[in-house]
Amino acid sequence: MTTPFSIRPAQPSDVPHIYGMIVELAVFEKLEHMVVATEALLHEGLFGAHPACEALVGVEGDEVTCFALFFHNFSTFLTLKGLYLEDLYVKQAHRGKGHGKQMLEALAQLAVQRNCGRFEWSVLDWNENAINFYKGMGADILPDWRICRVTGPALTQLAASGKEKAHG
């Protein structure tokens, strides 16, 4: 007998489950050394006074088996908001059941309902399984685009450089 699977917006009580999967995802991506997240910070990001993101959770029976964390961005070329998927993760024991596909479909439906001009996300170049999965879902993998990121001390330095010039 198959246990029913459903997708719903995350609730505050889901934060520990989502946080646990974030840690699992980091281990899978060999990036656990970069995780500084806490349950409290995740709760603030999702449910605080000024939420920065949203999440959907997939539930099989009474177990949270996957999550998708996303937020809106904006396309100057389309002059429409977009839906950006930051992370999608399905627990190892629940892979191969179609949960990831259903999560992407739910996010696409949300993007259409919210009149988004596009739905996009990033994928690690070594993750061939994910790349093939996304291509199979109709996604284009954009070869000419690279992510630019400034964090930590480099971000502080960049901000300070601009401040010095503004006051100098």
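Every number here is computed from the coordinates shown, using simple stated rules; none is lab data. Everything numeric here is computed off the predicted structure, so don't read it as measured data. When we count neighbours, we look across all protein chains shown, and the Cβ atoms used for this are built from the backbone with ideal geometry, even at glycine.
Restricting the first member to segment 81-94 and to residues that are closer than 20 Å to ALA37 by Cβ and in contact (Cβ under 8 Å) with a residue 60 or more places away in the chain, and the second to residues that are assigned to a strand (DSSP E or B) and of a type in the set (Val, Ile, Thr), the beta-carbon pairs closer than 9 Å and six or more apart or on different chains are LYS91/VAL64; LYS91/THR65. The residue of segment 1-35 that is surrounded by the most Cβ atoms within 10 Å (Cβ to Cβ), among those that are of a type in the set (A, V, I, L, M) and over 24 Å from ALA130 (Cβ atoms), is VAL15. Taking segment 48-59 as the range and being within 16 Å of the chain's Cα centre (by Cα) and either surrounded by 15 or more Cβ atoms within 10 Å (Cβ to Cβ) or among the acidic types (Asp, Glu) (or both) as the test, the residues that pass are CYS53, GLU54, ALA55, LEU56, VAL57, GLY58. Do you know which residues across segment 79-125 are over 21 Å from ALA52 (Cα atoms) and of a type in the set (Asp, Glu)? Of everything in segment 79-125, those that are over 21 Å from ALA52 (Cα atoms) and of a type in the set (Asp, Glu) turn out to be GLU105, ASP125.
Return a yes/no flag: does segment 150-163 have any residue that is closer than 24 Å to THR79 by Cβ, without any contact (Cβ under 8 Å) to a residue 40 or more places away in the chain and either in a helix (DSSP H, G or I) or of a type in the set (D, E, K, R) (or both). Within segment 150-163, not a single residue is closer than 24 Å to THR79 by Cβ, without any contact (Cβ under 8 Å) to a residue 40 or more places away in the chain and either in a helix (DSSP H, G or I) or of a type in the set (D, E, K, R) (or both). Restricting segment 126-147 to residues that are under 17 Å from the mean Cα position of the chain (by Cα) and either surrounded by fewer than 10 Cβ atoms within 10 Å (Cβ to Cβ) or of a type in the set (Phe, Trp, Tyr) (or both), the residue that is farthest from GLY98 (Cα to Cα) is ILE147. Scanning segment 51-99 for residues being among the aliphatic types (A, V, I, L, M) and part of a loop (DSSP other than H, G, I, E, B) gives a total of 2. The single residue among LEU85, LEU110 that is surrounded by 15 or more Cβ atoms within 10 Å (Cβ to Cβ), under 30 Å from THR2 (Cβ atoms), under 13 Å from the mean Cα position of the chain (by Cα) and not basic (Lys, Arg) turns out to be LEU85.
Quick check: anything in segment 64-72 surrounded by fewer than 10 Cβ atoms within 10 Å (Cβ to Cβ) and more than 15 Å from the chain's Cα centre (by Cα)? No, because not a single residue in segment 64-72 is surrounded by fewer than 10 Cβ atoms within 10 Å (Cβ to Cβ) and more than 15 Å from the chain's Cα centre (by Cα).
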